[in-house]
Structures are given as C-alpha cells and as structure tokens.
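Inspection log for the structure reproduced underneath, given as structure tokens.
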Amino acid sequence: MLDVLYFAWVRERIGEPRETVETGATTVAGLVDELKAREERYALAFSDLSALRVAVDQELADFDAPLAGAREVAFFPPMTGG
Amino acid sequence: MRIRVQEEPFDPGAELDGFGAGADVGAVVSFTGMVRGDGGLSRMEIEHYPGMTEKAIAAIAGEAVARWNLADCLVIHRHGPMRPGERIMMVATASRHRASAFEAAEFLMDYLKSRAPFWKKEYGADGAEWVAARDEDEDALGRW
C-alpha cells in the first residue's frame, strides 16, 4: 500500500489531495503508467511529465526512482516558494 | 537555527530582536518577501507539503550554516491566504563578516524559491492562476 499525494494544479486536476493505492509498480514511472490507465483525469494530470516533479518519502526524486520500501509518493508542479 | 512554517503573520522586528547576539558575530542580514499587487492581484494562496516542507527547509538552512559557517540562521515561511502588502517569508543570517551573511541569505532565497515545496496561486481580475516556476529561478541555483 502506498500513499499518493497531489499538490497545486495536479491536485485540482485529479480532484483529491491524497489516496492510498495498491500498486505492483517498481518505479515512479511505473506508478504513473498505472494511474494514467485508470481514468481520464489521471491521464490529463500526467500528460506532460516534464511539467511535474515527484517526491518519494518526502525527498525529491526522479521518475525512474525505485519504489521498493517507499510509503509515500507525491506529485506536484515545480515549486514556487520564496 | 530557527525554522517556522506557519499560516499566521509574523513580525520581523520581533524575530530579529536578539538574533545573532554573540561576541563572534559581526554581521546580521535579513530579507523579507512581500506579496506584490501586480496586475490587479487581489489575493494569493500558498499551498505546501506539510512534513516535507519543514525537512526541505532544514536541509537548505543546514547547508547554508555549514557552507558559510553561520553563527545563526532563521527561516520563516507562511502558507494559506495572503493579500498584497503582507509578508510571505523572511530569512536572516548571522556571521563573522557581511559577505558571508549576504551570500548565505541569497543562497537561502534561491533554494527556498525552487526547492521548498510551496506553490502560489494568484487571484486577480481574470480569475485564479497557479504561478509558473521561472527558468531564471532554476538557473539561479547553478551559481551555488
């Protein structure tokens, strides 16, 4: 079981801030493919991965990062703090 | 090192009172970021990633302290609703000399902008829009 979190416009497109998913994916990219196959709103949110960033267990990661042992994955646009 | 992520406004004067007090400190630099009312902006909403935000800021501040040998370092960043003229965030650095205090403050600002999980949404005359990250902000990290 994996907690998947969404922020900013990714959250708005998907329509919820977090969910728990059962996944067989071994990488972030594999998880994205599973989510995209679910419903149109996911396909829309993940249509351009270059516009997205990902964190695995609250650390910035790449889309090819492994999910082994991960508890939490978050997807969001590039950050705009400061 | 003092790091706070909060919805409430803060008072930079009160925060800086006593900051960096010590015989080995020769310079205190502070920066305060404000909400600009550009283009009819009526309000702003800042979303963040509770948990990761605090960790990311602590890592950034920790690096600044180590790299510039800071005597102290302060980061306050707000989230939630804000209006033009309100303070969004502040950083302060204390060191032996001013060059390191200024540089460390710039480093903190550059990294907080692009590596701390905050997202700004602006509400203006034309509706609401998420602020897009700028290439210059990403490029600014290259100088460190």
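Got a number for carbon plus sulfur as a percent of the protein assembly as shown's accessible area, 1.4 Å probe?
Of all accessible area on the protein assembly as shown, carbon and sulfur atoms account for 48 percent.
List for the stretch A:1-39: residues with 50 Å² or greater reduction in accessible area, all protein chains versus chain alone, probe 1.4 Å?
A:F7
Skipping prolines and chain starts, which residues have an amide H placed within reach, meaning under 5 Å, of the one on A:R53, given they are 5 or more residues away or on another chain?
So A:R53 has HN proximity to A:F76.
Going by the alpha-carbon gyration tensor, a ≥ b ≥ c the square roots of its eigenvalues, is the stretch B:82-144 rounded (a/c under 1.5) or, if a/c is not under 1.5, prolate (a/b greater than b/c) versus oblate?
On the way: a/c = 3.42, a/b = 1.77, b/c = 1.93.
Because a/c hits 1.5 or more and a/b fails to exceed b/c, the stretch B:82-144 counts as oblate.
At 222 nm, what helix-only mean residue ellipticity would chain A give, in deg cm²/dmol to the nearest 500, using -39500 (n - 2.57) for each DSSP H run of four or more?
-8000 deg cm²/dmol
Apply the Karplus curve 6.51 cos²θ - 1.76 cosθ + 1.60, θ = phi - 60°, to the phi angles in the stretch B:46-59 and return the couplings in whole Hz, x for Gly and Pro.
Result, ordered by residue: 10, 9, 9, 10, x, x, 5, 4, 4, 5, 5, 5, 4, 5 Hz.
Collect residues whose amide H, placed 1.01 Å from N in the peptide plane, falls under 5 Å from the amide H of B:G37; neighbours closer than 5 in sequence don't count.
Long-range HN contacts for B:G37: B:G85.
Find me the longest stretch of chain A that has none of the exposed GluC sites (Glu not before Pro), where exposed means in a DSSP loop (not H, G, I, E or B) with at most 16 other Cβ atoms within 10 Å.
My reading of the result: A:40-82 is the longest stretch.
From the phi angles alone, apply the Karplus equation (6.51, -1.76, 1.60; θ = phi - 60°) to the stretch B:119-134 and give each ³J(HN,Hα) in whole Hz, x where the residue is Gly or Pro.
Running phi through 6.51 cos²θ - 1.76 cosθ + 1.60 with θ = phi - 60° gives 9, 9, 10, 9, 10, x, 4, 8, x, 9, 8, 6, 6, 7, 5, 9 Hz.
Given the Cα-Cα distance of B:D11 and B:A66 and 0.36 nm per residue of separation, how much length would full extension add, in nm? Don't jump to the answer; show the numbers that get you there.
Working: separation 55, 0.36 × 55 = 19.80 nm, distance 2.69 nm.
Here the answer is 17.1 nm.
Tell me whether the stretch A:2-76 comes out rounded, prolate or oblate; compute the Cα gyration tensor, take square roots of the eigenvalues as a ≥ b ≥ c, and use a/c under 1.5 as the rounded threshold. Write out the running numbers ahead of the final one.
Working: a/c = 1.39, a/b = 1.31, b/c = 1.07.
Here the stretch A:2-76 falls in the rounded category.
If one computes the Cα centroid of the stretch B:77-107 and of the stretch B:1-50, what distance in Å separates the two points?
5
Provide a list, ordered by number, of residues in the stretch B:99-119 showing at least 20 Å² less accessible area with every protein chain present than when their chain is taken on its own, using a 1.4 Å probe.
B:K113, B:S114, B:R115, B:F118, B:W119
In square angstrom and rounded to 100, what buried accessible area do you get between chains A and B, total over both, with the probe at 1.4 Å?
Interface area, both chains combined: 1800 Å², rounded to the nearest 100.
Need one value for B:46-53: mean number of C-beta atoms belonging to other chains within 10 Å of its residues' C-beta atoms. Let's see the in-between values first.
On the way: counts 2, 6, 4, 8, 2, 5, 10, 3.
Whole-number average of other-chain Cβ neighbours for B:46-53 is 5.
Among all the lysines, which ones have a C-alpha under 22 Å from B:K113's C-alpha, if same-chain residues fewer than 8 places away are not counted?
Candidates past the 8-residue exclusion: B:K55, B:K121.
Could you derive backbone 3J(HN,Hα) for the stretch B:80-96 from the dihedral phi with the Karplus parameters 6.51, -1.76 and 1.60 (θ = phi - 60°), listing whole Hz in sequence and x where the residue is Gly or Pro?
Each residue of the stretch B:80-96 in turn: x, x, 8, 10, x, x, 7, 7, 8, 7, 8, 10, 9, 10, 10, 8, 5 Hz.
Buried by at least 20 Å² relative to the chain on its own: which residues of the stretch A:64-81 qualify, computing accessible area with a 1.4 Å probe on protein heavy atoms?
Hits at the 20 Å² cut-off: A:F76, A:P78, A:M79, A:T80, A:G81.
With a probe of 1.4 Å, find how much accessible area the protein assembly as shown has per residue, and write the answer as a whole number in Å².
Heavy-atom accessible area per residue stands at 49 Å².
The values are calculated or read from the model by the stated rules, or taken from the named source; none is laboratory data. Here the structure is a predicted model, which means the values were calculated and not measured. All Cβ positions, even for glycine, are placed from backbone atoms using ideal geometry, and neighbour counts span all protein chains on display. For the accessible areas, the whole protein counts, side chains as well, though only heavy atoms, and no ligand, DNA or RNA atoms are used. Shrake-Rupley method; radii C 1.70, N 1.55, O 1.52, S 1.80 Å.
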